[in-house]
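First comes the structure, then the notes that go with it.
The values are calculated or read from the model by the stated rules, or taken from the named source; none is laboratory data. Since the structure is predicted, the reported quantities are computational estimates derived from the model, not experimental observations. Note: ideal-geometry Cβ built from the backbone for every residue, glycine included; neighbour counts use all protein chains shown. Calculation scope for accessible area: heavy atoms of the full protein, side chains included, ligands and nucleic acids excluded. Shrake-Rupley method; radii C 1.70, N 1.55, O 1.52, S 1.80 Å.
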Amino acid sequence: MKKTLLLAISLVIGVAVMAQLKPVKISGALQNRAIAAPEAIDNSALFTQTGNPVVNTKAAMDAEIGNSLTYDMQSNAAMMSRLYRFEDGTVAGTWTGAWQSGASDRGSGYNYKAGSWGSAPSARIETVRSGWPNLNPWMGNGELVVSHNGTSSLVFNSRPVKGTGSWTQTLPLTCPAGITDLVWPRAITSGSNFQNIHIITIGRGNLNGQTAALLYYRSLDGGTTWDKMGEVLPGLGGTEYLAFGGDDYAWIEPHHDTIAFLCGGSWTDTFLMTSYDNGSTWTKKIILPNYYGLNPLNTVTPTFVCSDGTIAGAMDKNGVVHVAFGRMRASDDGTGHKYYPGTDGVVYWNSTMPAYDTTFYREIDTLIAHNLCIGYVVDDGSGTPILDPFPLYGVSLSSFPQVVIDDYNNIYFFWSSLVTANPSANNLNYRHIYGRAWYDGKPAWSEMKDLNDDVTYWFQEFVYPATATSVKNDKILMLIQTADQPGSTIKDATIPEHEVKLSYREVAGATFIGTGLEGNKAAAKSFIGANYPNPVKDFTTFNLKIENSASVSIEVSNIMGQKVMTLDKGMIAAGSYDFSIDCSQFTSGVYFYTVKINGESHTKKMIVE
């Protein structure tokens, strides 16, 4: 293989690293405060607390499509598919809602947009108390919502025409021997007619020593029959992991017969599972190893680095999977698993890279210096520290990432991060949604952007972003939980009960161009064509057209920004030319080739296998 250990510390996206916002200084006491690891939560207690009397404000560009009066946690960690843009431009969204005291009526809120959104619902679509809905297209023009109710089967609600008609509810799945219930599902559909249903879910009980096994289900006919029923995939059994955490996993949008999901928690490896044959066979690739995952509970374990369970990814047009996940530390002092909520950072990885070295991963400053930290709590310039205590979500200070790739191969990252300015009336920090982009062919990130920095967003909490995978007309669609009160009542007992809203927003891809980077639409007007083949093993070729004679040179740089090849073509006449690059001596990974025409640079990306 062409990969080397050096690549583990050369995972830099920036060839020309841009000036970045500074991370806030986190005190040692805050960083090193250990909290008992939260259990994945399914049920909620009766609420008797009063809400925080802060006036609700919202920007005009957002639409409130629904709410939840007594339940304020959309996920334990990684987000499921909650928002879908159909080919005809209509949009559907779902969330976990509750409208009665104690959340006895908890279930899937649903709304549909055909020109405009419908009225906010006041009841779930299921007939039973449920949660964690996954929304997907189904059987042509229909739609499917998969949720759980803590029994031996997941709850399916479907209808043949999206946006209209009655839901049909079924409970089609069964548990393997030793498993008593199925919870926290992640579901996707694929195929020409969305007839393939793929589900990963936790099976609780005892399956070959695992108290919480990660199970795979597959139907090839829309759920009428199931040819994969509660399977433990290779490398995910009891010899590798004692248990999986709730919501520590997320699907990637399918590409034909290629399907994949990500997983990463505090006590498991962080890894990518990929199938190139629609779920029949699977390969596993480690992103961040965990050397303590087989330590039983209450076994003294030193503090180590890990994922916080919030993870997301998307596959680009070259087949490369781009991943974002929350950074965390964990330990066990002999009295139970602990996590460190003062840990910060949303980390980047892609499938051309080897696994992270845990020593390299340990320091957030190292990740930032190598341009591998997508997001973190930003220093607002006033020296304002993070207020202590801050609301707990069971995750990092920056977490809940989403990854979207548009038709031009531009990659957009979003996440929720604590902000130090404008604390709440009860002196708590809010969270905002941040974003940044990596434009195809551009050797640097865009700057981080606070999507809630307008005054109309002050004194509001923004968490649990869920993005639609489809980008049309330069619009990225997002569903976000918002509230006047920071924190989650369900995840943090110190937070009072409060109503939350589900806010829909359309974010323009051009939002991130204002930092000096052009988007790929502008790059498409370049003189250079895309190289072929890409990925490449030996030689790759691209076309160059120039209108007038010019001096031409070609430079190839690796992902660290180091030049690995220079080709000086001298003065050439106007015309069309095919130039080849010999990549046979390059190690595997991402490279950038820059064509300079009379000193004007045009950069493209290529993948070397």
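Hey, what did the chain get for relative contact order, percent, Cα under 8 Å, at least 6 apart?
Relative CO of the chain lands at 15 percent.
Per 0.36 nm of contour for each residue apart, how much would the distance between Asp568 and Asp221 grow if the chain were fully extended, relative to their Cα-Cα spacing?
Stretched fully, the Asp568-Asp221 segment lengthens by 119.2 nm.
At what distance in nm do the modelled label points of Arg33 and Phe360 sit from each other, each positioned 7 Å from its Cα along Cα→Cβ?
3.3
If I take R0 = 30 Å and measure r between the Cβ atoms of Asn206 and Val300 in this structure, what FRET efficiency does the formula 1/(1 + (r/R0)^6) give, to the nearest 0.05?
Efficiency for this residue pair is about 0.75.
Taking the Cα centre of the chain as the origin and placing charges on Cβ (Lys, Arg +1; Asp, Glu -1), which of Met315, Thr587, Gly109 is farthest toward the positive end of the dipole?
Thr587
Straight-line reach only, C-alpha to C-alpha below 18 angstrom: list the aspartates and glutamates that Lys228 could link to, leaving out same-chain residues fewer than 8 apart.
Counting by Cα, and skipping residues close in sequence, Lys228 has these aspartates and glutamates nearby: Asp181, Asp257, Asp277.
Multiply the residue separation of Asp277 and Ile41 by 0.36 nm, subtract the distance between their alpha-carbon atoms, and state the gained length in nm to one decimal.
Extra length from Asp277 to Ile41 when fully extended: 81.6 nm.
Take region 87-162, compute every pairwise Cα distance, and split them into 10 Å bins from 0; I just need the percent in each bin.
The distribution over region 87-162 is 20, 49, 26, 5, given as percents.
Can you tell me the dipole magnitude for the chain around its Cα centre, using point charges on the Cβ only (Lys, Arg +1; Asp, Glu -1), in Debye to the nearest 20?
Approximately 460 debye in magnitude.
Provide the FRET efficiency to the nearest 0.05 for the Asn598-Lys472 pair, computing r from the beta carbons and using R0 = 30 Å.
0.25
Report Rg/Rh for the chain, rounded to two decimals, where Rg is the Cα radius of gyration and Rh the Kirkwood radius.
Reported Rg/Rh (Cα atoms, Kirkwood Rh): 0.97.
Tell me the mean residue ellipticity at 222 nm calculated for the chain from its helices only (DSSP H runs of n ≥ 4, each -39500 (n - 2.57), averaged over every residue, nearest 500).
-500 deg cm²/dmol
How high is the relative contact order of region 252-298, in percent, with contacts defined as C-alpha pairs under 8 Å that are six or more residues apart?
Once divided by the residue count of region 252-298, the mean separation gives 31 percent.
Extension gain Thr456-Lys545, at 0.36 nm per residue separation less the Cα-Cα distance, in nm?
27.2 nm is the gain from fully extending Thr456 to Lys545.
If amide hydrogens are placed 1.01 Å from N in the peptide plane, which non-local residues have theirs closer than 5 Å to the one on Ser130?
Close amide H contacts, sequence-distant or interchain: Arg106, Gly107.
In whole Å, what are the extents of region 292-365 along the principal axes defined by its C-alpha atoms, from largest to smallest?
Cα spread of region 292-365 along its principal axes, largest to smallest: 47, 26, 20 Å.
Please list 3J(HN,Hα) in residue order for region 537-543, calculated via the Karplus relation 6.51 cos²θ - 1.76 cosθ + 1.60 where θ = phi - 60°; whole Hz, with x for glycine and proline.
10, 10, 9, 10, 10, 9, 9
Contact order normalised by length for region 345-396, with contacts defined as Cα pairs under 8 Å and 6 or more residues apart; what percent is it?
Reported relative contact order: 46 percent.
Which semi-axis lengths, in whole Å and largest first, follow from the square roots of five times the eigenvalues of the Cα gyration tensor of region 357-421?
Rounded to whole Å, the semi-axes are 24, 17, 13.
Run the accessible area of the chain with a 1.4 Å probe and give the carbon-and-sulfur part as a rounded percent.
Carbon and sulfur: 53 percent of the exposed surface of the chain.
For region 98-177 and region 551-601, write down the distance between their C-alpha centroids in whole Å.
What the calculation gives is 52 Å, centre to centre.
When the gyration tensor of region 273-427 is built from Cα positions, what are the square roots of 5 times its three eigenvalues, in whole Å, from largest to smallest?
28, 23, 14
Using only Cα atoms, what Kirkwood radius does region 113-199 have, in angstroms?
Result for region 113-199, one decimal place: 13.9 Å.
Given R₀ = 35 Å, what would the calculated FRET efficiency be for Thr494 paired with Trp167, taking r from the Cβ atoms and rounding to 0.05?
0.40
Measure up Lys545/Lys604; Lys317/Lys442; Lys25/Lys491; Lys442/Lys596 against 18 Å on the Cα-Cα distance and list the ones that go over.
Lys25/Lys491
Place a point 7 Å from Cα of His256 in the direction of its Cβ. Which residues in region 317-337 have their backbone N less than 15 Å from it?
From region 317-337, the list is 317-320.
Tell me, what is the per residue accessible area of the chain in Å², probe radius 1.4 Å?
Here the residues of the chain average 37 Å² of exposed surface.
Starting from the residue with the highest accessible area, list Val378, Val595, Val232 in decreasing order, probe 1.4 Å.
I get Val232, Val378, Val595, largest accessible area first.
Given C-alpha coordinates of region 327-371, what is the ratio Rg to Rh with the Kirkwood estimate of Rh?
That ratio is 1.04, to two decimals.
On a 1.4 Å probe surface of the protein chains, which of Ser382, Ser158 comes out largest in accessible area, and what is the full order?
The ranking, largest first, comes out as Ser382, Ser158.
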